[in-house]
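Engineer: Below you will find the structure I want to go over with you.
The values are calculated or read from the model by the stated rules, or taken from the named source; none is laboratory data. Note that the structure is predicted; figures quoted are calculated from it, not measured. With ideal geometry, Cβ positions are generated from the backbone for all residues, glycine too; neighbour counts draw on all protein chains shown.
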Amino acid sequence: MEMETPFQTANMSSVLVLNVTYEPLSVVSMRRAVVLLLKEKAEILEATEREIRAANISLPAPLVIRLVYYVRVPHRVLVPFSRKTVMMRDKHTCQYCGAQPARAELTLDHVLPKVRGGLNTWENVVCACKACNNRKGSRTPEEANMPLRCVPQRPKYLAVVVLTSQGAHDAWVKYIPEMGDDLVGISI
Ligand SMILES: [Zn+2]
């Protein structure tokens, strides 16, 4: 299967593709999904009421399809590192105190401060409220006695694919266990 670029902007006609194992794989256009269905490479798991016509047949407009064959998941699909993707990974929650202030009140904090050689990486940057960021200053979490709530890591690729899409459909949620309800439909 040809994967479309994972970071395309999805819309309401985007379709979630699952592996034969039901593992979420990708998000493709409606057109691509229909081709997979017509070639009998995939089956429909969820669809809308709407019918679409293709190649002299009509079929329900798919929302979720499942491949009938196994696709090896590429190992090196990298989620772009940015303020927005870090905020999404941390669910717009301060990683020190757990607060969820208004988005404008959230900052990015370097766990090992930049002035002390801390890098701009998934492992060293977390979401922090302004108060915690100021309090921590140029100290490490240990020095400031401000333990992190989670170990910061590169996020899983699919969660970001879905979150990046403008039209993540409710029907997708049950197939994506790590995706909480509160994250559905957030666009970046
Ligand atoms: Zn805080």
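Engineer: Is at least one residue of region 6-14 over 30 Å from A144 (Cβ atoms) and at pLDDT 80 or above?
Structural biologist: yes
Engineer: Still on this structure, please answer the following. Considering only region 110-123, state which residues are more than 21 Å from the chain's Cα centre (by Cα) and either surrounded by 11 or more Cβ atoms within 10 Å (Cβ to Cβ) or within 16 Å of the ligand (Cβ to nearest atom) (or both).
Structural biologist: Pass one, region 110-123, residues more than 21 Å from the chain's Cα centre (by Cα): 110-119.
Matches in region 110-123: H110, V111, L112, P113, K114, G118, L119.
Engineer: Taking L18, is it closer than 17 Å to H169 by Cβ and modelled with pLDDT under 90? Can you show your working first?
Structural biologist: Values: closer than 17 Å to H169 by Cβ: yes; modelled with pLDDT under 90: yes.
Against the criterion (closer than 17 Å to H169 by Cβ and modelled with pLDDT under 90), L18 qualifies.
Engineer: For region 124-138: of the residues being among the polar types (S, T, N, Q) and within 26 Å of the chain's Cα centre (by Cα), which is nearest to L106 (Cα to Cα)? Can you show your working first?
Structural biologist: Step one: of region 124-138, the residues among the polar types (S, T, N, Q) are 124, 133-134, 138.
Add one more test, that the residue is within 26 Å of the chain's Cα centre (by Cα), and what stays is 124, 133.
Values: N124: 16, N133: 9 Å.
It comes out as N133.
Engineer: Exactly one condition in (1) within 15 Å of the ligand (Cβ to nearest atom); (2) not in a loop (DSSP other than H, G, I, E, B) is false for H92; which is it?
Structural biologist: Result: H92 passes all but (2).
Engineer: If you don't mind, another one. Name, by its number, the condition in (1) assigned to a loop (DSSP other than H, G, I, E, B); (2) touching a Phe, Trp or Tyr at 6+ places or on another chain (Cβ under 9 Å); (3) modelled with pLDDT of 95 or more that does not hold for A99.
Structural biologist: A99 satisfies every listed condition except (2).
Engineer: Tell me the residue from V86, V64, V28, V20 that is of a type in the set (A, V, I, L, M, F, W, C), touching a strand residue (DSSP E or B) at 6+ places or on another chain (Cβ under 6 Å) and within 16 Å of the ligand (Cβ to nearest atom), please.
Structural biologist: V86
Engineer: Let me ask something else. Which of (1) assigned by TED's automatic domain parsing to the domain that holds G137; (2) part of a strand (DSSP E or B); (3) small (G, A, S) is the odd one out, the single condition A104 does not satisfy?
Structural biologist: For A104, the failing item is (2).
Engineer: Specify which of the listed residues (P60, P80, P147, P141) is of a type outside the set (A, V, I, L, M, F, W, C), under 24 Å from V173 (Cβ atoms) and over 21 Å from the mean Cα position of the chain (by Cα).
Structural biologist: Every option except P60 fails the conditions.
Engineer: Could I ask something else about it? What are the pairs, 6+ residues apart or on separate chains, where a residue within region 89-104 that is under 20 Å from E123 (Cβ atoms) has its Cβ under 6 Å from a residue that is near the ligand (Cβ under 9 Å from one of its atoms) and assigned to a loop (DSSP other than H, G, I, E, B)?
Structural biologist: Cβ pairs passing all conditions: Y96/M146.
Engineer: Which ones in region 35-66 are touching a residue at least 40 places away in the same chain (Cβ under 8 Å) and of a type in the set (G, A, S)?
Structural biologist: A61, the sole residue that qualifies.
Engineer: I've got another one for you. Which members of region 24-44 meet the condition of being touching a Phe, Trp or Tyr at 6+ places or on another chain (Cβ under 9 Å) and either in a loop (DSSP other than H, G, I, E, B) or surrounded by fewer than 16 Cβ atoms within 10 Å (Cβ to Cβ) (or both)?
Structural biologist: Correct list: K41 only.
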